[in-house]
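**Student:** I have a structure I would like to understand better, so I am pasting it below and will then ask my questions one at a time.
Read-outs: derived from the displayed coordinates by stated rules, not from any lab. Given the structure is predicted, the values throughout are model-derived calculations rather than measurements. Because the Cβ atoms are built from the backbone with ideal geometry, glycine has one as well, and the counts that use them run over all protein chains shown.
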Amino acid sequence: MTDTAEPLLMQGAGAIARAVRAGSASARSVVEASFARATQVDAGPGGLNCLVSSDREASLRAADRAPEDGALAGVPVVLKDNIATTWLTTSCASRILEGYVSPYEATAALRLREAGAVLVGKGNMDEFAMGSSTEHSAFGAARNPLDRSRVPGGSSGGSAAAVASGIVPVALGSETGGSVRQPAAFCGIVGVKPTYGRISRFGLVAFASSLDNIGVFGRRVDDAARVMEVVSGDDTEHDATSAPRAVAGFRTSERDLTGMVIGKPKEYFPASLPRANSERCERALDALRARGAEIRDVSLPHTDLAVPVYYIIAPAECSANLARFDGVRYGLRIEGDGLRGMYEATRSRGFGAEVTRRILLGTYVLSAGYYDAYYRKAMDVRALITRDFSTVFASGVHALFTPTTPTPAFQHGAISDPYEMYMSDIFTVTANLAEVPAISIPIGRVDGLPVGGQVIAPRFDEATMFKVAYALEEELGKEAHR
Amino acid sequence: MPISRDDVLHIAALARIAVPTAGLDTLAQELSGILRHMDALQRVPSEGAAAAADDAREGMRLRADAPPRVPLEHPRESFAPTIEGRDRTRVPAMMDGFFLVPRLATHEDADEEA
Amino acid sequence: MSGSPPGRYEMVVGLEVHVQLKTRTKAFCRCSTSFGDPPNQNTCPTCLALPGALPVLNAHAVELAARAALALGCTVHTRSIFARKNYFYPDLPKGYQISQFDRPLAEWGSVSIGDTTTGRAIGVTRIHMEEDAGKSVHDRFPGFTAIDLNRSGVPLIEIVSEPELRSSDEATAYLRALKEILLYAEVSDCSMEEGSLRVDANVSARPAGDDALRTRTEIKNLNSFSNVAKALDAEFARHCDVYDRGGTVQQQTMLFDAAGTQVRPARSKEGSHDYRYFPEPDLPPLVLSQAYIQGLQYALPEFPSARRARFTSSFGLSAVDSEVLTASRDVGTYFEEVARASGDPKAAANWVMGEVLAALNESGGPIADFPVRSARLAELITLSKGGALSSTAAKKVFGAMVAEGAAGAAFAGATPAGATPAGAKEVAERLGLLQVGDDAVLRGWIDEVLSEHPAEAARYAGGETKLQGVLVGFVMKKSGGRADPKKVNQLLAERAGR
């Protein structure tokens, strides 16, 4: 039934699971193929540098134990290195957690394992998910498989590169301000950020708890939806912010968008958007029209405030979330003068420059005398941004379409100013602030570099988001990679 | 409002991060540069928006007062930080089940540490 | 008013009391809260603050906190918010404590001190929920402080009073009343030894008659009610002395050294802390329905002051006896059951205050485990009152029931309350202590005595009435003490034709 020239590994998660369930392929053989592919594409430190840890023998043993009847039977997966697994590291690409192996497993990792997926490596990332390029990793920068002089995006760049280079068909990343959608766009694959609360955060090492989400990568919309169905759902026993809601099916064969209104928010199409990118977006909007959707101009008036809001709230939460890395119970410890010296030596040497910068920024905006001007103000404006979305969705708009990023993948080292780097999140942070689901899918290329288009839907309406993404993917066909 | 060297020293102390004197000015400038972009927020009236949104949020689910807890699949010694033991080898910073840290004389030193 | 320069200054005290809630598992994880286990045994990813672990709030902790708040007359808010209080300390694993800040669980309560005529209500400003830290051991390993996180994450409430206490005596009265209410509400063990009740005190002094508050100092490390009083008096005297010499008091944290009964400054200065409170993003708001809160309100027990008043008015007990019988909620309930079942509150009070409390004192156990359940004691009182048992015999029966209960528990391993022990009458019969009041039997014994002692019988019959006592004594002896002396007297008198 999988009788094509393409190797099974390249046919995607659905094809692999069908073959393993039918007994026409073994999980072990697929995992072997995955490791062979990693070698072939030079995934190691001198090459893509997309994995911070892997263990072939252990993965093969895991493949032999994997249930053969699951929705993801035999599917090799990469998990970002900030998702807790009881074998392989959970280092967050930080010196402070170098070599740390979690004694418990994240809910999402457990659900994948129970569905038959096999862990083949932990994805490289910006340290503690703080960054947009996967250059801020203690284990070296990851590279974009489509152009190795460029960044894969970040912070989940390792997971994205592993999927884009064909090592695995699907992977998990995490999002705080666009860290799945942006690398998906940069690497020419699909990236999903679900509604806040849809996927349990239990076992996801916290960066900014009110914004963090586990997200999903796949080469095709259908694979991403398949993984979403497995990892989503109520986990209020372990995560108080998990949504106690049943998960409707995200996969659909419906490709007709007749009757659907898709909003085009003007704030996401600024004059500064490169013309070629803008043209790819227009082509995508035409594709949606071709499937019967009505495109309507809308406005989300507080969009320009999203990055400032984000860069107050996220550092504030991170300054508290990263206080636990103190050298007392786990991780790096460097002795200093007494307890205080130990704390300072451990944290100063354990955290990289960007993490340090954000911890200090977050400490500042929460400190006495500044809380109201920064943190409280940011929380208020966040509520206004959220209201923008609910107002648009209440006006009869079913979903929004925007570009995922203002530019395609940039060269390594091209952006050194922190705030300029932060601005690459400009079209993605809003969904995190408003807790709405969003997906990035390839909509074409500019100078050989992928361009991503983003579909945003109302809270807990991933079904609509996927429906639009499926239709767009099918209508664009091969255009999506041109 | 720009962040001064003293501000950086103060927040670094709160965050238990040692900033080398040489790096203070650069850091103060970087942080001030970032915060300058935040001034845009002051332009929009937003008083009470977060509180109103909060009041509309659903309450949290509570859990039963009962075991089982989430088990540890590896012993505490396996992930404890290491310190130099005898023979200059690294050993887990644990003894008789306790985690060990550099000695504080009494709890009041904690306040001094704070 | 101990310790204050009379009349010139007034002491102003507010107390912050931390109380551990009586739950089985911790506030935010399912680890056991049991006391005294090996170090770090009761820890998991959440209370060790492992990367990626999250808090989920314990429903029972919420119930106990709300019940405590209602017991103290507070308004329990339908919506409250948890916050992170940030500071570094090795026994605080996350680097922040989950607490409540500007939206606490409850506010606006009070605690009455003194009796109804001379007493007054001390305001309770607020009650909020929070988690405990772990324990630091400084003297066990040379060169190291040892960290035990078994207590990390145990649920607490902090009860903050208004600065309305005016003397160390009032402070201890407040603490006693507070503890009594919390014990009645069964929210905490309130044991200062085990750390389940801890007190910090804020104290200031002002010239008598002034309304304005002056600078306060906070005294920490207070490990008994008497030390609270001592520390307050010492610190108040220090403030007065500073003012008398024209100085000013510095706002700071003081530590009480119980051994030297001295208060000395902690090394840090107030204000060097910057806790950077902000709403805990891992926990949505705590939302309680009005129906839930009302349900807890209705289920509250009767509190000691109300119960004392009722015992005095409806059972006719003295104020002192009511005080003794309400000191513990369970003893009060036990007494009330005995009083109702026996229909004799005075006898019930005497028995409970005498024999029962003495026996409990000896066994050291709670009244819940006491083998003589209220129904059995009531039966005993009824038997005694009806004349079937002498008071000496009744005490013997009671002693036997206590002993059998203890033995039964020891052998069967079952709680005495769970077994079905013999009733008072059965025990009395078994011990042969039941009084004999049957006329035929008594007449038989009287006949025998009269024939065995013909001289005394003749003199008695001849009108020497004082011999009646001697003859009754003979009958009692013959009966083995079981004859009902009243009846024997009666029958002898009849025999003599009187």
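**Student:** Would you mind computing the Rg to Rh ratio of the stretch A:333-399 from its alpha-carbon coordinates, Kirkwood style for Rh?
**Tutor:** Values: Rg = 19.8 Å, Rh = 15.2 Å.
My calculation puts Rg/Rh at 1.30.
**Student:** Give me the compactness ratio for the stretch A:373-482, meaning the Cα radius of gyration over 2.2 N^0.38 Å.
**Tutor:** 1.22
**Student:** Per q in 0.13, 0.16, 0.23, 0.33 1/Å, what log10 I(q)/I(0) does a Debye calculation on the alpha-carbon atoms of the stretch A:396-444 return?
**Tutor:** -0.40, -0.57, -0.99, -1.33
**Student:** Averaged over all directions, how much area does the convex hull of the C-alpha atoms of the stretch A:1-55 cover when projected, in nm²?
**Tutor:** Details: hull surface 17.0 nm².
So the mean shadow area of the Cα hull is 4.3 nm².
**Student:** Would you pull out the residues with amide H under 5 Å of B:Ile3's amide H, same chain only if 5 or more places away, H placed 1.01 Å from N?
**Tutor:** Answer set, sorted by chain and number: B:Ser32.
**Student:** Right, another one. By DSSP, what percent of the beta bridges with both residues in chain A are antiparallel, rounded to the nearest 5? Mind showing how you got there, number by number?
**Tutor:** Numbers: 30 of 45 bridges.
Among the beta bridges of chain A, antiparallel pairing accounts for roughly 65 percent.
**Student:** To continue, here is another question. Over the Cα atoms of the stretch C:426-475, each weighted equally, I'd like the Debye log10 I(q)/I(0) at q = 0.14, 0.18, 0.25 Å⁻¹, rounded to two decimals.
**Tutor:** Each listed q corresponds, in turn, to -0.44, -0.64, -0.93.
**Student:** Can you pull the percent of Cα pairs in the stretch A:209-342 with separation above 21 Å? Intermediate values should be presented prior to the final figure.
**Tutor:** Values: 6269 of 8911 pairs.
Cα-Cα pairs of the stretch A:209-342 separated by over 21 Å account for 70 percent.
**Student:** In the calculated pair distance distribution of the stretch C:258-328, what percentage of Cα-Cα distances lie above 18 Å?
**Tutor:** Values: 1787 of 2485 pairs.
Taking all Cα-Cα pairs of the stretch C:258-328, the fraction more than 18 Å apart is 72 percent.
**Student:** Right, something else. Quick check on chain C: helices-only [θ] at 222 nm, where DSSP H runs of length 4 and up contribute -39,500 (n - 2.57) each and the sum goes over total residues. Nearest 500, please. Write out the running numbers ahead of the final one.
**Tutor:** Values: 16 runs with 192 residues, N = 498.
Mean residue ellipticity at 222 nm (helix-derived): -12000 deg cm²/dmol.
**Student:** Dimensions of the stretch C:80-175 along principal axes (Cα, Å, largest first)?
**Tutor:** So the three principal-axis extents are 57, 34, 19 Å.
**Student:** Apply the Kirkwood formula to the stretch A:201-274: the hydrodynamic radius equals the inverse of the mean of 1/r over all pairs of different alpha-carbon atoms; give it in Å with one decimal.
**Tutor:** Numbers: mean 1/r = 0.0633 Å⁻¹.
Hydrodynamic radius (Kirkwood, Cα pairs) of the stretch A:201-274 is 15.8 Å.
**Student:** Could you give the length gained on full extension between C:Arg310 and C:Arg495, defined as 0.36 nm per residue of separation minus the Cα-Cα distance, in nm?
**Tutor:** Working: separation 185, 0.36 × 185 = 66.60 nm, distance 5.00 nm.
Once the chain is fully extended between C:Arg310 and C:Arg495, it gains 61.6 nm.
**Student:** Then there is this: Multiply the residue separation of B:Ala53 and B:Glu77 by 0.36 nm, subtract the distance between their alpha-carbon atoms, and state the gained length in nm to one decimal.
**Tutor:** On the way: separation 24, 0.36 × 24 = 8.64 nm, distance 4.45 nm.
Extra length available between B:Ala53 and B:Glu77 comes to 4.2 nm.
**Student:** Mind giving me the FRET efficiency for A:Ser272 and B:Thr21? R0 is 56 Å, r the Cβ-Cβ distance, nearest 0.05 is fine. List each step's numbers first, then the result.
**Tutor:** On the way: r = 40 Å, r/R0 = 0.71.
That pair, A:Ser272 with B:Thr21, gives E of 0.90.
**Student:** Rounded, prolate or oblate: pick one for the stretch C:24-86, where a ≥ b ≥ c are the square roots of the eigenvalues of its C-alpha gyration tensor, a/c under 1.5 means rounded, and failing that, prolate if a/b is larger than b/c, else oblate. Provide the component values of the computation, followed by the final result.
**Tutor:** Numbers: a/c = 2.86, a/b = 1.61, b/c = 1.78.
Note, shape of the stretch C:24-86 comes out oblate.
**Student:** Can you tell me the length gained on complete extension of the stretch C:Trp108 to C:Ala368, counting 0.36 nm per residue apart and subtracting the Cα distance? All intermediate terms of the calculation are to be shown ahead of the outcome.
**Tutor:** Working: separation 260, 0.36 × 260 = 93.60 nm, distance 3.41 nm.
Between C:Trp108 and C:Ala368, full extension yields an extra 90.2 nm.
**Student:** Right, next: For chain A, what are Rg and Dmax over the alpha carbons, in angstrom?
**Tutor:** Over chain A's Cα set, Rg and Dmax evaluate to 21.0, 69 Å.
**Student:** Further question: If packing is taken as the mean number of other Cβ atoms within 10 Å per residue, what is the order of A:211-221, C:313-323, highest first?
**Tutor:** Working: A:211-221: 27.2, C:313-323: 14.9.
Per-residue mean Cβ counts within 10 Å order the peptides as A:211-221, C:313-323.
**Student:** To continue, here is another question. Return the calculated 222 nm mean residue ellipticity for chain A, to the nearest 500 deg cm²/dmol, obtained by summing -39500 (n - 2.57) across DSSP H runs with n ≥ 4 and dividing by the residue count.
**Tutor:** Details: 15 runs with 171 residues, N = 482.
Per the formula, -11000 deg cm²/dmol.
**Student:** Quick one: what do you get for chain C if you divide its Cα Rg by 2.2 N^0.38 Å? Don't skip to the answer; put the middle values down first.
**Tutor:** On the way: Rg = 31.2 Å, N = 498, 2.2 N^0.38 = 23.3 Å.
In units of the globular-protein estimate, chain C measures up at 1.34.
**Student:** Given R₀ = 30 Å, what would the calculated FRET efficiency be for A:Arg245 paired with C:Ala59, taking r from the Cβ atoms and rounding to 0.05? Display every interim value, and only then the final one.
**Tutor:** Numbers: r = 20 Å, r/R0 = 0.68.
According to the calculation, E is roughly 0.90.
**Student:** How well do other chains shield peptide A:351-362, expressed as the mean number of their Cβ atoms within 10 Å of each residue Cβ? Walk me through the numbers on the way to the answer.
**Tutor:** Working: counts 2, 0, 3, 0, 1, 6, 4, 1, 6, 13, 8, 4.
Mean shielding count: 4.
**Student:** Determine, from the Cβ-Cβ distance of A:Asp55 and B:Val91 and an R0 of 30 Å, the FRET efficiency 1/(1 + (r/R0)^6), rounded to the nearest 0.05.
**Tutor:** Details: r = 25 Å, r/R0 = 0.84.
FRET efficiency, A:Asp55 to B:Val91: 0.75.
**Student:** While we're on this one: When you look at the Cβ of every residue in C:248-256, what mean number of other chain Cβ atoms sits within 10 Å?
**Tutor:** Numbers: counts 0, 0, 0, 0, 0, 2, 0, 4, 0.
So the per-residue partner count for this stretch is 1.
**Student:** Among the lysines, which fall within straight-line cross-link reach of C:Lys220, defined as a Cα-Cα distance under 29 Å, with same-chain neighbours fewer than 8 residues apart omitted?
**Tutor:** Result set, ordered by chain and number: C:Lys22, C:Lys26, C:Lys85, C:Lys94, C:Lys135, C:Lys179, C:Lys230, C:Lys269.
**Student:** In peptide A:227-240, what is the residue-averaged number of other protein chain Cβ atoms found within 10 Å of each Cβ? Don't skip to the end; give the middle numbers.
**Tutor:** Numbers: counts 0, 0, 0, 0, 0, 0, 0, 1, 2, 5, 6, 9, 6, 14.
Average per residue, whole number: 3.
**Student:** Sort the stretch C:65-134 into rounded, prolate or oblate with this rule: let a ≥ b ≥ c be the square roots of the eigenvalues of the Cα gyration tensor; rounded if a/c is under 1.5, and if a/c is not under 1.5, prolate when a/b is larger than b/c, oblate otherwise.
**Tutor:** Details: a/c = 3.47, a/b = 2.08, b/c = 1.66.
Judged from the Cα gyration tensor, the stretch C:65-134 comes out prolate (a/c at least 1.5, a/b above b/c).
**Student:** Roughly what would the spin-label model give for A:Tyr371 and C:Ser224, points 7 Å off Cα along C-beta, in nm?
**Tutor:** Here the answer is 3.8 nm between the modelled labels.
**Student:** Can you give the Rg to Rh ratio for the stretch A:266-364, taking only C-alpha atoms and Rh from Kirkwood?
**Tutor:** Numbers: Rg = 22.7 Å, Rh = 17.6 Å.
That ratio is 1.29, to two decimals.
**Student:** Checking a compactness column here: for the stretch A:1-103, what do you get for Rg(Cα) / (2.2 N^0.38 Å), N being the number of residues? Please list the in-between numbers first.
**Tutor:** Numbers: Rg = 14.9 Å, N = 103, 2.2 N^0.38 = 12.8 Å.
This ratio for the stretch A:1-103 stands at 1.16.
**Student:** With the crude spin-label approximation of a point 7 Å out along Cα→Cβ, what separation in nm comes out for C:Lys385 versus A:Glu294?
**Tutor:** Between C:Lys385 and A:Glu294, the simple spin-label model gives 8.7 nm.
**Student:** Quick one: what does P(r) look like for the stretch A:310-435 with 5 Å bins over all Cα pairs, in whole %?
**Tutor:** Reading upward from the zero bin: 2, 9, 13, 16, 16, 14, 13, 9, 4, 2, 1, 1, 0.
**Student:** Could I ask something else about it? Averaging the inverse of every distinct alpha carbon separation and then flipping it gives the Kirkwood radius. What is it for the stretch C:1-142, in angstrom units?
**Tutor:** On the way: mean 1/r = 0.0556 Å⁻¹.
Every distinct Cα pair counted, the radius reaches 18.0 Å.
**Student:** Quick one: which residues, 5 or more positions from C:Ser112 or on another chain, have an amide H under 5 Å from its amide H? H modelled 1.01 Å from N in the peptide plane, none for Pro or chain starts.
**Tutor:** So C:Ser112 has HN proximity to C:Ile122.
**Student:** I've got another one for you. Say the cut-off is 19 Å between C-alpha atoms; which of C:Lys396/C:Lys466; C:Lys395/C:Lys478; C:Lys346/C:Lys395 go over it? Don't skip to the end; give the middle numbers.
**Tutor:** On the way: C:Lys396/C:Lys466 31 Å; C:Lys395/C:Lys478 22 Å; C:Lys346/C:Lys395 16 Å.
In this structure, C:Lys396/C:Lys466; C:Lys395/C:Lys478 exceed 19 Å between Cα atoms.
**Student:** log₁₀ I(q)/I(0) of the protein assembly as shown at q = 0.04, 0.05, 0.06, 0.07 Å⁻¹, via Debye over equal Cα point scatterers, no solvent, to two decimals?
**Tutor:** Treating every Cα as an identical point scatterer, log10 I(q)/I(0) equals -0.30, -0.44, -0.59, -0.74.
**Student:** Using the crude model of +1 on Lys and Arg Cβ and -1 on Asp and Glu Cβ, and no other charge, please compute the dipole size for the stretch B:1-108 relative to its Cα centre, in debye to 20.
**Tutor:** Details: 13 positive and 16 negative charges, 72 e Å.
Once rounded to the nearest 20, the dipole reads 340 debye.
**Student:** Provide the descending list of Cα extents for the stretch C:104-249 along its principal axes, expressed in whole angstroms.
**Tutor:** Projected onto its principal axes, the Cα set of the stretch C:104-249 covers 51, 40, 27 Å.
**Student:** Please report, in cubic angstrom per residue, the volume enclosed by the convex hull of the alpha-carbon atoms of the stretch C:444-498. Spell out each step's value before the answer.
**Tutor:** On the way: hull volume 3.6 nm³, N = 55.
Once divided by residue count, the hull of the stretch C:444-498 is 65 Å³.
**Student:** Of the beta bridges DSSP finds with both residues in the protein assembly as shown, what % are antiparallel, to the nearest 5? Numbers along the way, then the final one.
**Tutor:** Details: 95 of 115 bridges.
The answer is about 85 percent antiparallel.
**Student:** Once both labels are modelled 7 Å past Cα along the beta-carbon direction, what's the A:Ala36-C:Arg176 spacing in nm?
**Tutor:** Modelled inter-label distance: 8.5 nm.
**Student:** Under the rule a/c < 1.5 gives rounded, and otherwise a/b versus b/c splits prolate from oblate, where does the stretch A:130-249 land using the Cα gyration tensor?
**Tutor:** The shape class here is oblate.
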